1. In region 470-493, which residues are more than 26 Å from Gln341 (Cα to Cα) and not in a strand (DSSP E or B)?
2. How many residues are within 16 Å of Arg287 (Cβ to Cβ) and under 43 Å from the mean Cα position of the chain (by Cα) when one looks only at region 334-352?
3. Take the residues in region 264-323 that are assigned to a strand (DSSP E or B) and in contact with a Pro (Cβ under 7 Å, 6 or more places away or on another chain); name whichever of them is surrounded by the fewest Cβ atoms within 10 Å (Cβ to Cβ).
4. If you go through region 207-224 one residue at a time, how many are in contact (Cβ under 8 Å) with a residue 40 or more places away in the chain, more than 32 Å from the chain's Cα centre (by Cα) and not in a helix (DSSP H, G or I)?
5. Quick check on my filter: what residues within region 229-238 are open to solvent by 50 Å² or more (accessible area, probe 1.4 Å) and either of a type outside the set (Ser, Thr, Tyr) or modelled with pLDDT of 95 or more (or both)?
6. Contact list please: Cβ distance under 6 Å, first residue in region 413-439 and without any contact (Cβ under 8 Å) to a residue 24 or more places away in the chain, second residue of a type in the set (Gly, Ala, Ser), pairs at least six apart or on different chains.
7. Please find, within region 63-95, the residue that is nearest to Val139 (Cα to Cα) out of those that are modelled with pLDDT under 85, part of a strand (DSSP E or B) and open to solvent by less than 70 Å² (accessible area, probe 1.4 Å).
8. Which numbered condition in (1) under 41 Å from the mean Cα position of the chain (by Cα); (2) open to solvent by less than 30 Å² (accessible area, probe 1.4 Å); (3) among the aliphatic types (A, V, I, L, M) is the only one that Ile436 fails?
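The values are calculated or read from the model by the stated rules, or taken from the named source; none is laboratory data. Remember, it's a predicted structure, so these values are computed and weren't measured experimentally. Note that each Cβ is placed from the backbone with ideal geometry, even for glycine, and that neighbours are counted across all protein chains shown. Areas reflect the complete protein model, heavy atoms only, side chains present, ligands, DNA and RNA absent. Shrake-Rupley method; radii C 1.70, N 1.55, O 1.52, S 1.80 Å.
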Amino acid sequence: MLRGRATQLLGHRTAMGIAVALVVLAALYGGLATFMSGHVASQSTVDGIDIGGMSSREATVTLEHGLAGRAPRPVHLMVSSRSVRIQPEAAGLKVDVAATMDGLTGFTLNPLRMWSHLTQAARLPFALQIDRAKLTAAVTRAAGVLDKPVRQGSIAFADGTATSVLPVAGTVVKVPETVDAVASAWPQRQNVQAVVTVTQPKVSAAEIRRATKELAIPAMSAPVTILAGSPAAPTVVLQPRQYASSLSVTVDTAGRVVLRVNPATLLATIRKVSPRAEHRPVDATVRLVAGRPRVVPAVAGSKLDGRAVSAAFLPALTSTSRTATVGLVPAVPTVTTAMAQRWQITEPISAFTTQFPVNPPRTNNIKTAVATLNGTLVPPGEQFSLNATLGQRTPAKGYAKAPVIYGGRLVSDYGGGVSQVSTTTFNAAFFAGVRITEHTAHSFYIARYPEGREATVSWPDVDQKWTNDTGFGILIQASVSGDNLTVTLWGTKTRDVAAVKGSRRNIRAPKVIVDAKPGCVPQMPTPGFDVTVTQIFRKNGAQVKTVRFTTHYIPEDSVTCTAPPAA
């Protein structure tokens, strides 16, 4: 009985002991779990920074110090050997330490998780905040530097040599894909290869090398001789430096580089090197011979055909003979003898004479302009322009300084006096009855000219223009005899023209000016006024048309110059 009771007591004590032990173990386990919940797993690193076994606060401080020591890592966005640095903050890239710490600590009673927390190494990246709009903008700016247009291969000819440029593929950054690549790599990797689209050149480097060796270098290796195919035509020898500008290369349908010759450029070179290689045609014209108009017949010429020359020149560039044989083709005159005969320039249809004062520089200018104007032809329907005929009046053409009107005052300038040539020609045109399309009277009246029937001229904007609407050609004869200037228009007379001048009106008095400035030109006073001239056309004695010309003259002020004359 006693023995059974003792056994029962012993079993009770054992159970109590086990229960106490279990309670202690549970307390220890719970304490360990509680401790581990506030600490990072052992052997844990974030981007190489060791935070294993640290409390949450210690780990946070350690990560922040580690980032501060490193400074924000820039991204080196790369394409081949080129790179652009992108600053993370400006590109919307930021490390989030708080988000990185999420999940590294926390309470658990799961023995497997606790064991892993104690024994396994964890290598973790930083959690990031990415502003994709800012990152996209940064990558787009970088693409502006990294993008490279495709460079096509080429062969250039200059200064007697051929120079080749090998092709290079082009690259264009694909922005969305590159944004993804940067977001995935940073901050673990600073060097990020941009995602690009590659554009290959149309012609390979091997083809450029072949064309340079087989075509370009032989083409520039020696002179080329051009035989015009006529015993009278001279032989033309072109040096590489002379014909280089006419050469280029192109790509045929098979993708091969071929030589090309520009016909116009080659022909211009031949004409410059050998002007006698062609015989230019001579237009028919009309000249005064023994005081009467005579048709001077046209003369046919011969010329090189640009396309035929380039077609023969091209194979000669790579041949052993380096000789091109070409034929000459007829060159037809622009004005044939028959055309000049149809102009029917047979008689004077108008003439006008003005007198000029003694002024040697002015007289010189008149004679210079007359020599250019004399013999000018105006075919039927064409327009005459005095400025186009004479060109700019310059010392190189023989013009001197003489008085001209500028701003209502006389000043000295090259070509002074040519307005008298203009006025005389204008009156000849007036009485020939041609259609006057542009003329400008002098600003103030000059007594040697008809009132309201005169025209000044100035380069380049003040011009005299008229259109030959007679139906026949007009030959201009201009001459100086003593102090007389005469312009005669020859053609076929189809109309009679008279002029009726009205009386002066709106008369305005001149001012008196005393000028002490150097270069002053004295003036005699002349009143200003308005006047109208009526041009009357008659045919077979009957009036058929009238044209009115109204002119406004300003006063010519009285100018007295007080400055001492120039030495």
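1. Scanning region 470-493 gives Gly482, Asp483.
2. Just the residues of region 334-352 that are within 16 Å of Arg287 (Cβ to Cβ), to begin with: 335, 337, 339-341, 343-348.
Filter again for under 43 Å from the mean Cα position of the chain (by Cα), leaving 335, 339.
Going through region 334-352 one residue at a time, the tally reaches 2.
3. First, pick out the residues of region 264-323 that are assigned to a strand (DSSP E or B): 279, 282, 285-289, 292-296, 299, 301-304, 323.
Checking the rest, the ones that are also in contact with a Pro (Cβ under 7 Å, 6 or more places away or on another chain) come to 282, 286, 299, 301-302.
Numbers: Val282: 16, Val286: 23, Val299: 14, Gly301: 16, Ser302: 18.
Top of the filtered list is Val299.
4. Summing the residues that are in contact (Cβ under 8 Å) with a residue 40 or more places away in the chain, more than 32 Å from the chain's Cα centre (by Cα) and not in a helix (DSSP H, G or I) in region 207-224 gives 3.
5. Initial filter on region 229-238 (open to solvent by 50 Å² or more (accessible area, probe 1.4 Å)): 229, 231-232, 235, 237.
Passing the criteria: Gly229, Pro231, Ala232, Val237.
6. If the second residue must be of a type in the set (Gly, Ala, Ser), no pairs are left.
7. Restricting to residues being modelled with pLDDT under 85, part of a strand (DSSP E or B) and open to solvent by less than 70 Å² (accessible area, probe 1.4 Å), the top hit is Leu93.
8. The single condition Ile436 does not satisfy is (2).
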